[in-house]
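Structure first, then comments.
The values are calculated or read from the model by the stated rules, or taken from the named source; none is laboratory data. Computed from a prediction, not measured in an experiment: that's the story for all the values here. Cβ placement follows ideal geometry from the backbone for every residue including glycine, while neighbour counts extend to all protein chains displayed.
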Amino acid sequence: MSQTWIARFASFKIGDEEIQHAQLRFGDINLTDADMLIGADFFLSHRIYVASSQKRLYFTYNGGPVFDLTAARAGTESPAAGASSEAAAAAAASTTANGASRLDQPTDAAGYARRGTASAARQDYAAAIADLTHACELAPTEAAYFYQRGQVRVDDKQPDLALADFAQAIKLKPDDTDALLARATLRADRGDAADLIVADLDAADRVVPREADAHLDMGELYAYAGRPAAAVVQYSKWIDARPRDDVRMAGALNSRCWARALGGQELDKALADCNPAMKLKPNTADFLDSRGLVYLRQANYDKAIADYDAALRLEPKTAWSLYGRGLAKSRKGMSAEGEADIAAAIALQPKIAELAASFGITR
């Protein structure tokens, strides 16, 4: 790791843009074919245009602090320590409450949306919502702006308002997969009815491309909603479209193994998922837990207990592993030990017995 420093500069200029009283973090970093590395804060404050035919890069100011080392949470850029009071006053007079230049105020919905997205990236949610609200008012039939505001409201812990925004986006564009999946995810987080979650997932599944990464999230949501067979379909779409050396393959294979085990179907195929997943990522508690459930479903209790033992050595407070091991021990006649594991699992997750029973996994 290279050592870095923060230094004050009277001005920083690229092209025709000049930032006065800038504070920059810099260091001696070994770059290939480049003279300078500009951070994300600069790019969040600018629209970037690449003209390959001209071998030129164009950018225009988009609002907000350019270098965020001393920016207040509201987004205003503080002048460097020691700057004159006149410079501070000039900086304040030239910016709005969210740090954008008064000379570069958005004039259309797209401009407000861009600036709102940049503010959201800085976690300045109030400014982001204000700008995205302007975008929604200027373009009330554009679904994307309602979806974007909904995402910011999720981050700002405003779930009811976020749900309303996603609903409006879907009303305007019924096949908006981003909004459908965002609403399904929010409904899952809120603990809403499974049928509502599934309705959004089914609508999204009709239009999401087969190779899309979204299928991984959809598989997880279907499983959460108690639809393991539908989850298997989603994981299969993703797995079949990817090379086996994809870095996410082990997790996807484990997820499909777990979904098959939950549903109690295709248990041989479940093992054919769990085993290669464990070869890709050995000694992973989640993977051992999944295979343990497969063995439990197959009434192979010794192997189930062995996997659960290994999983619990890695993650001692995993309710599913304790509950599964308890069931396996009880079915082997180890009643006292089994009941102790089941009690420990219920202490960690009080409704685990009901959840397991909903999948046919009973004592």
Original post:
more than 18 Å from the chain's Cα centre (by Cα) and in a helix (DSSP H, G or I) - does that describe any residue in segment 154-163?
Top reply: yes
Original post:
Which residues, counting only those in segment 108-123, are assigned to a loop (DSSP other than H, G, I, E, B) and at pLDDT 90 or above?
Top reply: Asp108
Original post:
For segment 302-338, which residues satisfy the criterion of being closer than 23 Å to Gly264 by Cα, in a helix (DSSP H, G or I) and more than 37 Å from the chain's Cα centre (by Cα)?
Top reply: Asp302, Lys329, Ser330, Arg331, Gly338
**OP:** Check segment 285-307 and report whether any residue there is at pLDDT 95 or above, among the hydroxyl-bearing types (Ser, Thr, Tyr) and under 15 Å from Asp341 (Cβ atoms).
**Re:** yes
Subject >> From the options Asp155, Asp165, residue that is in the same structural domain as Ser119 (by TED's automatic domain parsing), acidic (Asp, Glu) and surrounded by fewer than 16 Cβ atoms within 10 Å (Cβ to Cβ) >> reply: Asp155
Subject >> Yes/no for Glu266 being over 29 Å from the mean Cα position of the chain (by Cα) and over 20 Å from Arg363 (Cα atoms) >> reply: yes
Subject >> Of all residues in segment 105-118 being under 24 Å from the mean Cα position of the chain (by Cα) and surrounded by fewer than 22 Cβ atoms within 10 Å (Cβ to Cβ), the one that is nearest to Asp155 (Cα to Cα) >> reply: Thr117
Original post:
Just for segment 264-306: of the residues that are among the basic types (Lys, Arg) and farther than 19 Å from Phe359 by Cβ, which one is surrounded by the fewest Cβ atoms within 10 Å (Cβ to Cβ)?
Top reply: Lys279
Original post:
What is the residue count in segment 307-323 for residues that are closer than 16 Å to Ile352 by Cβ and crowded, with 18+ Cβ neighbours inside 10 Å?
Top reply: 9
Subject >> In segment 119-150, the residues that are of a type in the set (Phe, Trp, Tyr) and surrounded by fewer than 22 Cβ atoms within 10 Å (Cβ to Cβ) >> reply: Tyr125
Subject >> Pair list, Cβ < 7 Å and 6+ apart or interchain, from segment 13-38 residues that are among the aromatic types (Phe, Trp, Tyr) to residues that are modelled with pLDDT of 65 or more >> reply: Phe26/Thr4; Phe26/Trp5; Phe26/Ala7
Original post:
Of the numbered conditions (1) in a helix (DSSP H, G or I); (2) over 25 Å from Tyr61 (Cβ atoms); (3) of a type outside the set (Lys, Arg); (4) touching a residue at least 24 places away in the same chain (Cβ under 8 Å), Phe166 satisfies every one except a single condition; which is it?
Top reply: (4)
